[in-house]
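The values are calculated or read from the model by the stated rules, or taken from the named source; none is laboratory data. Just so it is clear, the model here is predicted, and its values are computed rather than measured. All Cβ positions, glycine included, derive from the backbone under ideal geometry; neighbour counts span all protein chains shown. Surface accessibility is based on the protein's heavy atoms, side chains included, excluding ligands, DNA and RNA. Shrake-Rupley method; radii C 1.70, N 1.55, O 1.52, S 1.80 Å.
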Amino acid sequence: QVQLVESGGGLVQAGGSLRLSCAASGRTFSRYVMGWFRQAPGKEREFVAAISWSGSSTNYADSVKGRFTISRDNAKNTVYLQMNSLKPMDTAVYYCAADSSSTIVATPREYDYWGQGTQVTVSS
């Protein structure tokens, strides 16, 4: 059983930065691939970034490469998403997810646990 809680969302001007955090309750957190997804109103949930259990491998959606950085601190059972140079198109509810597989995947159906989401709004 893994419980995930996101935090750090809010309202920011275009070009600004936010850091999202996802706190996990399970002691097996370090064995999970962790991912971030986002969903804007009227759109499908889309992949943003993912990180392997060791933190040695990462993957990013093309739309956020060079702007977002995913990281994890297994000692704190926390995964982060640093978002820089934010654009209005980044506005969405951001979800943290955990996957028990050993490889990074980019589809929501592969993930076993989900947080409740945190709203990110970027104004122009």
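Assess whether ARG38 counts as being out of contact with any Pro (no Cβ under 6 Å at 6 or more places or on another chain) and open to solvent by 30 Å² or more (accessible area, probe 1.4 Å). Can you show your working first?
Values: out of contact with any Pro (no Cβ under 6 Å at 6 or more places or on another chain): yes; open to solvent by 30 Å² or more (accessible area, probe 1.4 Å): no.
Considered against the rule, which asks whether it is out of contact with any Pro (no Cβ under 6 Å at 6 or more places or on another chain) and open to solvent by 30 Å² or more (accessible area, probe 1.4 Å), ARG38 comes out as no.
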*Which one of these does GLN119 not meet: (1) of a type in the set (S, T, N, Q); (2) closer than 24 Å to PRO41 by Cβ; (3) in contact with an Asp or Glu (Cβ under 8 Å, 6 or more places away or on another chain)?*
(3)
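Test ASP90 against the criterion of being within 22 Å of GLY10 (Cα to Cα) and acidic (Asp, Glu), and give yes or no. If you could, list the steps in order and put the result at the bottom.
Numbers: within 22 Å of GLY10 (Cα to Cα): yes; acidic (Asp, Glu): yes.
Against the criterion (within 22 Å of GLY10 (Cα to Cα) and acidic (Asp, Glu)), ASP90 qualifies.
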*So ALA98 clears everything in (1) more than 26 Å from ALA14 (Cα to Cα); (2) part of a strand (DSSP E or B); (3) open to solvent by 10 Å² or more (accessible area, probe 1.4 Å) except one condition, right? Which one?*
(3)
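State yes or no: is TYR113 at pLDDT 95 or above and either surrounded by 13 or more Cβ atoms within 10 Å (Cβ to Cβ) or over 10 Å from the mean Cα position of the chain (by Cα) (or both)? Give the derivation first.
Numbers: at pLDDT 95 or above: no; either surrounded by 13 or more Cβ atoms within 10 Å (Cβ to Cβ) or over 10 Å from the mean Cα position of the chain (by Cα) (or both): yes.
No: the conditions fail for TYR113.
Could you tell me how many of the residues in region 67-78 are of a type in the set (Lys, Arg), more than 14 Å from ARG19 (Cα to Cα) and assigned to a loop (DSSP other than H, G, I, E, B)?
Taking region 67-78 and keeping what is of a type in the set (Lys, Arg), we get 67, 72, 76.
Those still in the list that are more than 14 Å from ARG19 (Cα to Cα) too: 76.
Right, trim to assigned to a loop (DSSP other than H, G, I, E, B) and you get none.
Residues flagged as of a type in the set (Lys, Arg), more than 14 Å from ARG19 (Cα to Cα) and assigned to a loop (DSSP other than H, G, I, E, B) within region 67-78 amount to 0.
Looking for whichever is in contact with a strand residue (DSSP E or B) (Cβ under 8 Å, 6 or more places away or on another chain), open to solvent by less than 30 Å² (accessible area, probe 1.4 Å) and not in a strand (DSSP E or B) here; the options are VAL64, VAL48. Which one fits? Walk me through how you get there before you give the answer.
Values: VAL48 fails: not in a strand (DSSP E or B).
The match here is VAL64.
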_Sole exception among (1) open to solvent by 50 Å² or more (accessible area, probe 1.4 Å); (2) under 13 Å from the mean Cα position of the chain (by Cα); (3) not charged (D, E, K, R) for SER56, by number_ = (2)
